[in-house]
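Asker: Next up is a structure, given as structure tokens.
Just so you know, all these numbers are worked out from the coordinates, no wet-lab data involved. Since we're looking at a predicted model, the values are computed, not measured. Neighbour counts are summed over all protein chains in view; Cβ atoms, including those assigned to glycine, are modelled from backbone coordinates with ideal geometry.
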Amino acid sequence: MPSPLRIGLAGLGTVGAGVVRLLDQNASLIASRAGRPIAVVAVSARDRARERGIDLSRFGWEDDASALPAREDVDVVVELVGGADGPALTLARATLGLGKSLVTANKAMLAHHGLELARLSDRTGALLRFEAAVAGGIPVIKGLREGAAANQLTRVYGILNGTCNYILTRMAREESEFADVLAEAQGAGFAEADPAFDIDGIDAAHKLAVLSALAFGVRPDLGAVSIAGIRPVTLADIRQAEALGYEVRLVGLAERAGEALSQRVAPSLVPARHPLAAIEGALNAVVAEGDHVGRLLFVGAGAGAGPTASAVVADLVGIARGEAGPAFSLPADALVALPPAPAAARAGRFYIRLRVEDRPGVLADLTAALRDSGVSIESLNQPASGADGLALVVMVTHDCAETAVAAAVDRMAALPAVVDPPLLMPILPLEG
């Protein structure tokens, strides 16, 4: 039997403990598929005494995770500490700097420091692998890096945050408003006590920056991603969208626009016949569109101990087999820095929702704002007014430039009769 691939594991939370369990439970299967055993030999975590349901006495222990790569009995380090900077980044730099391969689930670190780490990987020959960083157990990273390697990808997009998808799905099913479903999601463990990272679109933006690097050969650049979350979405928006033939989903989308790159995370209207419309609950889904392969759809569990641990171990199996290649498909120095696509270059159809005073002349003022911005309306709906004397107005635009519709929304927001900030959501086309 060949010698085992020896792992130093940093972080023993839900996922870290899941990695240990998976390697224990499927040890024989993993060894046969990897061509050699894969064994954890040393671990590090903040609290040594915490009960995790696994036997840690068989492993070496390091209070400082950055000591793991220096151990002579460690071949590969798995980083499950989390955080864009701090101990996770220190560990990543130390591991790759010593020429030892790194497996991480840390999308925030990759979105902020992916280029630096990829360059370090190229320089030392150590592998940087991160299947678990995007969409949990779905093999989308390998799918883009390897399965679609012969294709010029035109777009990559999807539902990248299970918490947001869970909330939007429960709002639709339970006839509930956002705040009530968020509280339910927190109680069920689908949302953190501080949910901002998820519901404000930041988590999805980290993942989109990583996918963009793989799909388009660009440097990961979180600052180039336009980010909007789901806080403003109401049950009325979901019902209006359904009446129009759409579902509301938080969609991260990246596509080339000439010599620029458009990257956007936003609540969006998805046509009911589009594959993403059927993705419910905490599932994730990623769509990649290539010039020869057509549309690829990856669907599965985007988080959780089992799916994420599965992705981590998949990377370890690849390393044990001797698989090679740069982190983001191309050598780091070949990754280009495409400028963000200007809003004027982005076009499509949009959903606009406003709450206004129900009195004569208001609709005329709203349509004048659209006219003055060069936006034409495909449909307009005003459901029955409420007892508070306020009316909901919902519009769908024809194809127009994003700058034009944004200007129209700004004009409408400034009108005295508009009582709440308008909600603007892009409409995802059925076909690319």
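Asker: How big, in percent, is the set of alpha carbon pairs in the chain lying more than 28 Å apart?
Answerer: On the way: 48329 of 93096 pairs.
It works out to 52 percent of all Cα pairs.
Asker: Which far-off residues, 5 or more places away or on another chain, put their amide H under 5 Å from the one on SER268, with H placed in the peptide plane?
Answerer: Under 5 Å from the amide H of SER268 lie the amide H atoms of ARG249, LEU250, VAL251, each far enough along the sequence or on another chain.
Asker: Something else now. What does the charge count around ALA94 come to, taking other residues whose C-beta lies under 11 Å from its C-beta (Lys +1, Arg +1, Asp -1, Glu -1)? Numbers along the way, then the final one.
Answerer: Working: positive: ARG93, LYS100; negative: ASP64, GLU79.
Cβ neighbours under 11 Å give a net charge of 0.
Asker: Further question on the same structure: Please give the Cα centre distance for the range 1-43 versus the range 193-247, rounded to the nearest Å.
Answerer: 34
Asker: Give me the one-decimal nm value for the distance between modelled label points at GLU378 and GLU184, 7 Å along each residue's Cα-to-Cβ direction.
Answerer: Inter-label distance under the simple model: 3.0 nm.
Asker: Taking the Cα centroid of the range 252-270 and of the range 358-418, what is the distance between the two, rounded to the nearest whole Å?
Answerer: Each part reduced to its Cα centre gives a spacing of 25 Å.
Asker: Could I ask something else about it? Relative contact order for the range 344-426 using alpha-carbon pairs under 8 Å, separation at least 6, rounded to a whole percent?
Answerer: Values: 154 pairs, mean separation 40.3, N = 83.
Across the range 344-426, relative contact order equals 49 percent.
Asker: Once the Cβ-Cβ distance between ALA414 and GLU116 is put in as r, and R0 is 51 Å, what FRET efficiency do you end up with, to the nearest 0.05?
Answerer: That pair, ALA414 with GLU116, gives E of 0.70.
Asker: Based on the Cβ-Cβ distance from ASP63 to GLU323, what FRET efficiency comes out when R0 is 35 Å, to the nearest 0.05?
Answerer: Numbers: r = 33 Å, r/R0 = 0.93.
Taking R0 as 35 Å, the efficiency between ASP63 and GLU323 is 0.60.
Asker: Given the chain, what percent of its DSSP beta bridges are antiparallel, to the nearest 5? Don't skip to the answer; put the middle values down first.
Answerer: On the way: 49 of 72 bridges.
Taking every DSSP beta bridge with both residues in the chain, the antiparallel ones total about 70 percent.
Asker: What residues qualify as long-range amide H neighbours of GLY201, i.e. H under 5 Å apart, gap of 5 or more or another chain, H built at 1.01 Å from N?
Answerer: Placed amide hydrogens put ILE230 under 5 Å from GLY201.
Asker: How compact and how long is the range 140-301, expressed as Rg and Dmax of its alpha-carbon atoms in Å?
Answerer: Rg, Dmax (Cα atoms, Å): 15.7, 46.
Asker: Rounded, prolate or oblate: which fits the range 214-346 when a ≥ b ≥ c are the square roots of the eigenvalues of the alpha-carbon gyration tensor, with rounded for a/c under 1.5 and prolate only if a/b beats b/c? Kindly include the intermediate steps, with their values, before the conclusion.
Answerer: On the way: a/c = 2.11, a/b = 1.31, b/c = 1.61.
Since a/c reaches 1.5 but b/c is at least a/b, the shape of the range 214-346 is classed as oblate.
Asker: Expected output is a single nm value to one decimal: the length gained when fully extending between ASP55 and ALA347, i.e. 0.36 nm times separation in residues minus the C-alpha distance. What is it? It would help to have the intermediate numbers written out before the result.
Answerer: Details: separation 292, 0.36 × 292 = 105.12 nm, distance 5.57 nm.
Going from the current span to full extension adds 99.6 nm.
Asker: Just from the alpha-carbon atoms, what are the Rg and Dmax of the range 5-121 in angstroms?
Answerer: According to the Cα coordinates of the range 5-121, Rg and Dmax are 13.8, 38 Å.
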